[in-house]
Structures are given as C-alpha cells and as structure tokens.
Amino acid sequence: MSTPIPFIDIKAQQARIQTSIDRRLNDVFTHGKYIMGPEVAELEKELSAFCGAAHTISCSSGTDALLLALKALDVGAGDAVLVPTFTFAATAEVLPWVNAVPVFIDIAAGSFNIDPTSVEAGIETAKKAGLRPAGIIAVDLFGQPADYPALNALAEAHGMWVIADAAQSFGAQQGETMVGKLAPITTTSFFPAKPLGCFGDGGAVFTDDEALAAKMRSLRVHGKGQDKYDNVIIGMNARLDTIQAAILLSKLEIFQSEIEARARIAETYDELLGDLVTVPRLKDGNTSAWAQYTVWSEHRDAIREHFAEAGIPSVIYYVKPLHQQTAYRDYPFAGNGCPVAEAASESVLSLPMHPYLDPQTQERIAAVLAEVISSQREPRRAVS
Ligand SMILES: *Cc1c(COP(=O)(O)O)cnc(C)c1O
C-alpha cells in the first residue's frame, strides 16, 4: 500500500513551528487576555507591514470581514453588487444580510476570475431590475489576483466601490503591489485550509482609508464608541480570538517561505501536467498564493475516479456556480448568462497543494493522470 496523500498537509507545517506556537500560547495562557489581547494588535501591525496596507482590522472570519466592509460602506436596500458566480457562497451570502442584491457575472476562462468585460452587462442588469449598481466584489480565485487595474477603473467610471475578496490570495502580488493594497478594501480569511490559516476561524480587512478602518474597528465590537458599553452604531461581534492571533503570529514567521514553496510546487505541476490537461495560467505580473492548483480537462470525471482509486485526493471547486444554487437562483445574472463558469464547473479539478508536497508525490500524481489521459485517447482501452 502506498502512503495516503494529504490534500493539504497542516501537520508538516505544525511540526515546523511547534516551538514558536508553544511559546506564544503559553504567553496567552499566562496573561489571560483571551479577547482583544496584545497578540491581536501585534498581529495587525505585522500584517500591515507584510502587505503594505495602512490599516488591518482582524476579525472572526473571512465572511465577517466581507460583512464588516459592506456595513462600513453603508451598503443597503436598493443596492446591487456585482459578484462572480464562480466562487464560494460567502462572497454573495453577505449581500442579502445587508438587504443588497447580488448580480452574478461571468468569469474569464484563463484566470477563473471575474471578467471585466462582463461588468457593463452586470450594471445594465442591475439598472433593469430597478437597482443602483453600488459596487463590485472581486474574488482572487485559487490565489491569483483579479484584474484590479481594469476593475478599479470601471468602478470609478460608474461611481462604484470595489472590495477584493482575497480569502484565497493573501500573500500574492500584482506587479510590485501586494494583495491587501490592490483595491480600496480587501478582505481575507484565516480558515485553516487557506494559504495563511489559523487553528479555527479568523479573518481580516485591509484598507488605507482611516475613516473606514475606524468604523470597522467599532463595528466588530458592537458598534462601540469609548468602549463596548458605549454603542454609537449598530454593530456585531466579529473579533479575532487572542489565541488565533498568537497562532497566526507564529505562522506569519514562515509564511513568505511557504508562498515561495507553493510557487515552486506549482511550477513542477506545470512541467509534469502541461501536455495532459490545461494547467492554470498567471497573467503577466501576477503571482499566486496557490490556495488551489486547479486544472481543466474534458476528462475531469475519469481523472477524479482514478485518483480516488489510487488514493490521491482531489476536490471540485466549484461543482455549481452560485447562480445555479438553490439559494441564489432567483437573483439576477448578467447578460446572456455565465457560460464560462458553467463550463468550468464541469471541467475543473483541484489537486493536492500545500508547501510540503514533495516532487516524488507530484510525480506519482502525474503518472496516474497520464494513464487516465492515454486510456481516454484510445477508445478501445477506454476506462468505463
Ligand atoms: C473561504 C472563503 C471565504 C470565507 O471565509 P471564512 O473564513 O470561511 O468565512 C470567502 N470568500 C472566499 C472566496 C473563500 O474562499
């Protein structure tokens, strides 16, 4: 029996930083400030230094980060917000919470990210529905930043705001600019499986706008003024636990080297798989945080089946675009629908990806994939 391959190897990482984590957790248990303890402020400072954003507001999850941003921008009834249909549900679910309406738009085939050429159609759809096109939530799917120069320009021309949902891309960059500074507001998630994950739920918002930052700091602690018993706006409970901040401080020590390891592993996959399936492409000037390494193949289902037999885990992100999901199918979508997203949902497969994946395992994965493809190309030996 060959050893099972983990889809994401959190244990290998944990072993590497165990001493640091032990020390930091011991500090927390000693001072006992489990809510908004000193590690929270320290982490926010470190994250700002890492990505260049003037303000980091840590919070309870990537979903709450989006909600904080929307509340800070006063998004509400009558507002339509353009979101890519090919994303995790959290990107859209926060909109009905503030009485806004998601308008789903298609992705670009090469990048899996929101297609800027569909934005105008989305704006028209919103207007026809009697809504005000208020903003765009772009998603950096699988780790690659969306086309922010185009999106920011379109938003400015139409008087809209842009939020970058960078739950999968923290650590990546576009040109010289890090994720966190590519849009006026950026949100991320520290869910354990994300490139920078904690040991529970967590998230953050990044912005250079001091007024928005102050409002989000208030919103996350019940709309506090002087303190949490002085309530100046309707807020929520959206704080990051001190324990999770301590863990993130340890993980941040090795994060840059992990991002570099992921890039090397993606390159190895490119070389091994480039002739077998469509491998992910980065736009000029972009790096990726490689939250996922996602290939595109007409033989996706056969590959997935044979992977399962060979003990190779794989995941379909995403089986259904949001505009086809039960909860979202009555919301508007742009223009003639979202054909690229629909094709993607039938063709994509995400392979094991983490900074501790070794070349031998990647070769094992590639060998199984090559077998499937060659059997699919010879109908007589077709796998059922
Ligand atoms: C994971 C994820 C979120 C939500 O993050 P949570 O911390 O799980 O709430 C939002 N958007 C995208 C694109 C994600 O991948």
Return only the number of the condition from (1) open to solvent by 10 Å² or more (accessible area, probe 1.4 Å); (2) away from the ligand (no atom under 16 Å from the Cβ) that GLY223 does not satisfy. (1)
Those residues that are part of a loop (DSSP other than H, G, I, E, B) and surrounded by fewer than 18 Cβ atoms within 10 Å (Cβ to Cβ), I need them from the stretch 299-313; list them, please. ALA310, GLY311, PRO313
Is it the case that some residue within the stretch 207-217 is crowded, with 23+ Cβ neighbours inside 10 Å, among the polar types (S, T, N, Q), modelled with pLDDT of 95 or more and not in a loop (DSSP other than H, G, I, E, B)? yes
Could you list, in sequence order, all residues of the stretch 122-144 that are away from the ligand (no atom under 12 Å from the Cβ), within 30 Å of ALA193 (Cβ to Cβ) and touching a Pro at 6+ places or on another chain (Cβ under 6 Å)? none
Kindly list, by first and then second residue, each pair from a residue in the stretch 63-85 that is at positive phi and in contact (Cβ under 8 Å) with a residue 24 or more places away in the chain to a residue that is among the hydrophobic types (A, V, I, L, M, F, W, C) and away from the ligand (no atom under 14 Å from the Cβ), limited to pairs with Cβ atoms under 7 Å and residues at least 6 apart or on different chains. GLY78/LEU131
Quick one: would you say ILE265 is open to solvent by less than 30 Å² (accessible area, probe 1.4 Å), β-branched (Val, Ile, Thr), more than 16 Å from the ligand (Cβ to nearest atom) and at pLDDT 95 or above? yes
Look at the stretch 36-51 and say how many of its residues are open to solvent by 30 Å² or more (accessible area, probe 1.4 Å) and within 19 Å of the chain's Cα centre (by Cα). 1
Every residue from the stretch 26-40 that is in contact with a Ser or Thr (Cβ under 9 Å, 6 or more places away or on another chain) and in a helix (DSSP H, G or I): VAL28, HIS31, PRO38, GLU39, VAL40
Residue list for the stretch 91-119, restricted to those being within 15 Å of the ligand (Cβ to nearest atom), open to solvent by 10 Å² or more (accessible area, probe 1.4 Å) and small (Gly, Ala, Ser): SER111
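The values are calculated or read from the model by the stated rules, or taken from the named source; none is laboratory data. These numbers were taken from a predicted model, which means no experiment stands behind them. Heads up, the Cβs are rebuilt from the backbone with ideal geometry, glycines too, and the neighbour counts pull from every protein chain shown. For the accessible areas, the whole protein counts, side chains as well, though only heavy atoms, and no ligand, DNA or RNA atoms are used. Shrake-Rupley method; radii C 1.70, N 1.55, O 1.52, S 1.80 Å.
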